[in-house]
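Q: Sharing a structure here in structure tokens format.
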Amino acid sequence: MRTGISQGVAQALEVVLAVEGVQFTYGAAPVLAGVTFHVTRGSFVGIVGPNGAGKSTLLRTIAATLRPDSGVIYLEGYAVQQMPRREIARRLAVVPQESQFGFRFTALEVVLMGRYAHLGRWSGERPADFEAARRAMELTGTWPLREREITELSGGERQRVIIARALTQEPRVLLLDEPTAHLDIGHQVEILGVLKQLSQREKLTVVAAMHDLNLAAQYSDRLILLQDGKIMALGEPTAVLTPENVRRAYGAEVLTYPHPLLRVPQVTIMPRGQEEAAQGRGLRVHLVAGGGAGASFMEELVARGYQLTIGVLNQGDTDWQVARILGLPMADEVPFADIGEQAYARNRELVSQAQAVVLLDIPFGRGNLRNLAVLEEALDRGIPTYMLGEPDLAGRDYTGGQAGELARRLEAKGLRFLPDREAVLAVLARLALEAAH
């Protein structure tokens, strides 16, 4: 059966996978409810959503290991429910969450299992099959593991072997269910990078259910956000991973802001517990940051209930973007410019309104030396003032010693140096408690 999409539209869009009105239930419990979307050739589509949203069931339905109660799934124009299993395997490969092996196969033997759809009923592997296996194992970094037994490999190594087995099928569509679940961050980036390259260079269509929203945003051309078996949002990552969508789907307060290099959305959880919010008790804190050093700390301080101001930040840098999203009063300067008189005056004004001032462990050049000098304003007003790091500014003074000399002078006036952010939080909590009484 051919797809209901018109042939001209399908060819123009190169639709390789079409899911149309798919519904599936386990007993009386609906798991998928009218899911419809199309995937074009060579695209990387991420499926995200909370546990129980239907991600794994959707993949198993696409792969024809589950039969939908209603709706149709088309693979390259043919209904998968009516295709022979061997024909599906020539076009589509699956990487499941877990793979069990009852025998002590070597990694190479496991990868060669991916060639079964290309072999005759009684024929053995040919040189081309071994070459396909070798190439897939080199892409996934598993070729050195080829002689080791699959049962002796770590979870991450085993997962990479399973991905190699799927690539050995030489599919046009690759389905993956949490492909990076057992991998460390290095191998997560490596594997997803390989899959992205294959989608771009060889037009491999990748559809992956993913737990990590940031990785999903970084590697996916489009995202499908599932909730309760329905598509809540579908589109480019920027349109899908909005704070509102994530809040509705996951029930969590988050902050989203652009990746500093890739411009895709990055998601940070915002803790909102009453105990944490009460800890700050509205204490007015001025934070001096810049260059991305303060982004996550701003979120934490706001979540803990502090009234936060920021300065001086260059417009467009990560700290500036986060401060804007959080709606924080700040002093800012145009990109790549030295701190000018207007920005410095605004910074002094914010300092004068604070009950505590904290300077993070940022590097100093002549362009931002005024972010250190502004601490003198706080100290002269008797405002508790703290600086993260060592007093000698080792490794972060690029002013020919001018910043270090200024820091020592400020130390003599009462500037306190703290070793880490935990120490900052402890000091601010004590100040908030004192201010409340």
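Each value in this text was obtained by applying a stated rule to the coordinates, not by laboratory testing. These figures come from a predicted structure and were not determined experimentally. So basically every Cβ, Gly included, is an ideal-geometry build from the backbone, and we count neighbours across all protein chains shown.
Q: Report, in deg cm²/dmol and to the nearest 500, the calculated mean residue ellipticity at 222 nm for the chain, where each DSSP H run with n ≥ 4 adds -39500 (n - 2.57) and the sum is divided by the residue count.
A: Result for the chain, helices only: -10500 deg cm²/dmol.
Q: Run the quick spin-label model on Arg263 and Glu236: label points 7 Å from Cα toward the beta carbon, then report their separation in nm to one decimal.
A: With each label point 7 Å from Cα toward Cβ, the separation is 0.8 nm.
Q: Okay, next question. Relative to the present Cα-Cα distance, how much length would full extension add between Tyr26 and Arg67 at 0.36 nm per residue of separation?
A: Contour length minus the Cα-Cα distance gives 13.6 nm.
Q: Assigning unit charges at the beta carbon (Lys, Arg +1; Asp, Glu -1) and nothing else, what dipole magnitude in debye, to the nearest 20, does segment 272-382 show about its Cα centre?
A: Dipole of segment 272-382, to the nearest 20 debye: 240 debye.
Q: Give me, ordered by chain and number, the residues 5 or more places off Val95 or on other chains with an amide H under 5 Å from its own placed amide H.
A: Leu175, Leu176, Asp177
Q: Here's another thing I want to ask about it. Please label the shape of segment 52-105 as rounded, prolate or oblate, based on the square roots a ≥ b ≥ c of the eigenvalues of the alpha-carbon gyration tensor (a/c under 1.5 means rounded; beyond that, a/b larger than b/c means prolate, else oblate).
A: oblate
Q: Could you work out the mean projected area of the convex hull around the alpha carbons of segment 314-387, in square nanometres to one decimal?
A: Spelled out: convex hull of the Cα atoms, projected over all directions, averaged, 4.9 nm².
Q: Using all alpha carbons of segment 322-437, what is the percent of pairwise distances in each 5 Å bin, ordered from the shortest bin to the longest?
A: Per 5 Å bin, starting at 0, the Cα pair percentages come out as 2, 11, 19, 22, 24, 14, 6, 2, 0.
Q: Moving on. Would you mind calculating the relative contact order of the chain from Cα pairs under 8 angstrom and at least 6 residues apart, reporting the percent as a whole number?
A: 12
Q: Taking mean projected area of the Cα convex hull in nm² as the quantity of interest, determine which of (1) 30.9; (2) 27.1; (3) 20.8 was computed from the displayed structure.
A: Label (2) holds the value from this structure.
Q: Mind listing the phi-derived Karplus ³J(HN,Hα) values for segment 111-116, rounded to whole Hz, using 6.51, -1.76 and 1.60 with θ = phi - 60°, and x for any glycine or proline?
A: Coupling constants for segment 111-116: 5, 5, 4, x, 8, 4 Hz.
Q: Show me the ranking of peptides 160-172, 399-411 by mean Cβ neighbours inside 10 Å, starting with the highest.
A: Packing proxy ranking, top to bottom: 160-172, 399-411.
Q: For the pair Arg430 and Arg41, how long in nm is the line joining their label points, each one 7 Å along Cα→Cβ?
A: With each label placed 7 Å out from Cα toward Cβ, I get 6.8 nm.
Q: I'm checking a number: the convex hull volume of the Cα atoms of segment 166-257, normalised per residue, in Å³. What is it?
A: Roughly 117 Å³ of hull volume per residue.
Q: Let me ask you something else. Give, as ranges by residue number, the residues of segment 416-435 whose backbone N falls under 13 Å from the point 7 Å along Cα→Cβ of Ser296.
A: Under cut-off, by backbone N: 421-422.
Q: For Arg421 and Met113, what is the calculated FRET efficiency with R₀ set at 51 Å and r taken between the beta-carbons, to the nearest 0.05?
A: 0.55
Q: What length, rounded to one decimal in nm, is gained on full extension from Ala252 through to Val334, with 0.36 nm per residue of separation minus their alpha-carbon distance?
A: 26.1 nm
Q: Packing-wise, with mean Cβ within 10 Å as the measure, how do 320-330, 412-422 rank, highest first?
A: Descending mean neighbour count gives 320-330, 412-422.
Q: Along Cα→Cβ, 7 Å out, is where each label goes; now give me the distance between the ones at Glu147 and Tyr398 in nm to one decimal.
A: 5.0
Q: In segment 33-158, if the dipole is taken from +1 on Lys/Arg beta carbons and -1 on Asp/Glu beta carbons about the Cα centre, which of Pro127, His38, Ala53 is farthest to the positive end?
A: The listed residue farthest towards the positive side: His38.
Q: Work out from phi, with θ = phi - 60° and the Karplus expression 6.51 cos²θ - 1.76 cosθ + 1.60, the ³J(HN,Hα) of each residue of segment 124-130, listed in order in whole Hz, and give x for Gly and Pro.
A: x, 5, 9, x, 5, 5, 5
Q: What is the Cα radius of gyration of segment 113-236 over 2.2 N^0.38 Å, N being its residue count?
A: Working it through for segment 113-236, the quotient is 1.15.
Q: So who's got an amide H within less than 5 Å of the one on Met387, skipping anything under 5 residues away but keeping other chains? H placed 1.01 Å off N, in plane.
A: Counting only residues 5 or more places away or on other chains, the set is Leu359, Arg416, Phe417, Leu418.
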